[in-house]
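The structure appears right after this line, and notes come after that.
The values are calculated or read from the model by the stated rules, or taken from the named source; none is laboratory data. Predicted model, so just to flag it, every value in this text is computed and none were measured. Note that we place each Cβ from the backbone using ideal geometry, even for glycine, and neighbour counts take in every protein chain shown. With ligands, DNA and RNA removed, areas are computed over all heavy atoms of the protein, side chains included. Shrake-Rupley method; radii C 1.70, N 1.55, O 1.52, S 1.80 Å.
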Amino acid sequence: MSPFFPKSQRRLLSAALFASLLPALPLTAHAADLASSEACQALQAKYPQFKGKTLVNALNPHTPGYEALDPKDPSKYIGLDIDLAESLGSCLGFKVTYKPVAFAALLPTLQSGQADLVISDIYATKERAKAADFITYSKVFDGVLVAKGNPKNITGINLSLCGTTAAENTGFVEVPLIQNLEPECKAAGKPAPQLQLYDNNASCIQAILAGRADTYINDVNTVDQAVKAYPDKLSKATAVTLPYHIGIGVSKKNPELRDAIVLALTEIQKTGLQLELMKKWGLDQGAIEAPTIISSDE
């Protein structure tokens, strides 16, 4: 997402300012134990400014496994990113509330001061790092979601997309990758791929189910969850390795929070809690990545 916000993104941001703040489900006993651990007690002493505070996490709650509305109680959120945010809060002594926004409004919401964090399955790219600092916690592997049987024979972000329609989220890194195929398709005598842009994963998946789009390329865990939900209608065509990482976004104006999260996340991984949470939500446990800061000096 560019740090410059066109009118469409400003409209999304304005809508986000009025979004409600919703709670998450209670932590597991393992995560709750963090607060009393020696390492986390030391971090709370080192960063006392966060203890007892309530921080706001901006999220796009339409990615099952990562963040979604609890089907048993729509007033609450569930998923890896929710548990991770609560675990960070437990370790550093702060509480978390959640501000649901469109994906394209995540970083603008953070930059505007309406949120303190973005933990929402967001890829930490150098371009996005112009708008926020990121702390990585997972590697990125994309999946290619298609209709059952893959009738268009799509095999990835390549010439197989020529003449097809891809549903994607506004602001996703896959959008320019697909757009960049246009000259290659034309050189091959084929029509360029078409894009349909939406505000969340659920709308992209519905576009394929309704026959409006041929594919949706996104985090492989999201694709796997969609196939699991609609096994008779959807398939995963392939997996695509991308040179990105999933990260936690923090305002550039708050480097102490960024550094505190690096240390708390390191402890969470050291205890095996992130591994436990990845398993709990059916995510690839081999994708865990040691915390690394991705930033950009403007």
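Applying a 4.7 Å Cβ-Cβ cutoff to the chain, the cysteines left without a disulfide-compatible partner are Cys204.
So, with a 1.4 angstrom probe, what is the percent of accessible area on the stretch 97-172 that is carbon and sulfur?
Numbers: 1020 of 1980 Å².
Accessible surface attributable to carbon and sulfur in the stretch 97-172 totals 51 percent.
Using just the Cα positions, wrap the stretch 170-287 in a convex hull and report its mean projected area in square nanometres, one decimal place.
Working: hull surface 40.2 nm².
Value for the stretch 170-287: 10.0 nm².
Where the accessible area of the stretch 181-298 is counted over protein heavy atoms with a 1.4 Å probe, how much of it, in %, is carbon and sulfur? Taking all protein chains in place, the stretch 181-298 shows 50 percent carbon and sulfur surface. Projected onto planes of every orientation and averaged, the convex hull of the alpha-carbon atoms in the stretch 221-298 covers 7.1 nm².
Taking every Cα-Cα distance in the chain and sorting them into 10 Å bins from zero, the calculated P(r) comes out as 6, 28, 35, 21, 7, 2, 0 percent. Given in Å, the Rg to one decimal and the Dmax to the nearest whole number for the Cα atoms of the stretch 58-118 are 11.6, 33.
Estimated from helices alone, the mean residue ellipticity of the chain at 222 nm is -9000 deg cm²/dmol (sum of -39500 (n - 2.57) over DSSP H runs with n ≥ 4, per residue). Give the lysines reachable from Lys51 as a straight Cα distance under 17 Å; neighbours fewer than 8 places away on the same chain don't count. The qualifying lysines are Lys95.
Using a 1.4 Å probe, what is the accessible area per residue for the chain, in Å²?
Values: 12750 Å² over 298 residues.
Normalised by residue count, the accessible surface of the chain is 43 Å².
Summarised in one figure, the compactness ratio Rg/Rh of the stretch 143-221, Cα atoms and Kirkwood Rh, is 0.94. Annotation: aspartates and glutamates with alpha-carbon distance below 20 angstrom to Lys270 (same-chain offsets under eight excluded): Asp33, Glu38, Asp81, Asp83, Glu86, Asp259, Asp284, Glu289. Provide the FRET efficiency to the nearest 0.05 for the Ser75-Ala229 pair, computing r from the beta carbons and using R0 = 22 Å. Once rounded, the FRET efficiency stands at 0.50. Can you give the net charge of the other residues whose Cβ lies under 12 Å from the Cβ of Ser160, counting K and R as +1 and D and E as -1? Computed value for this residue: 0.
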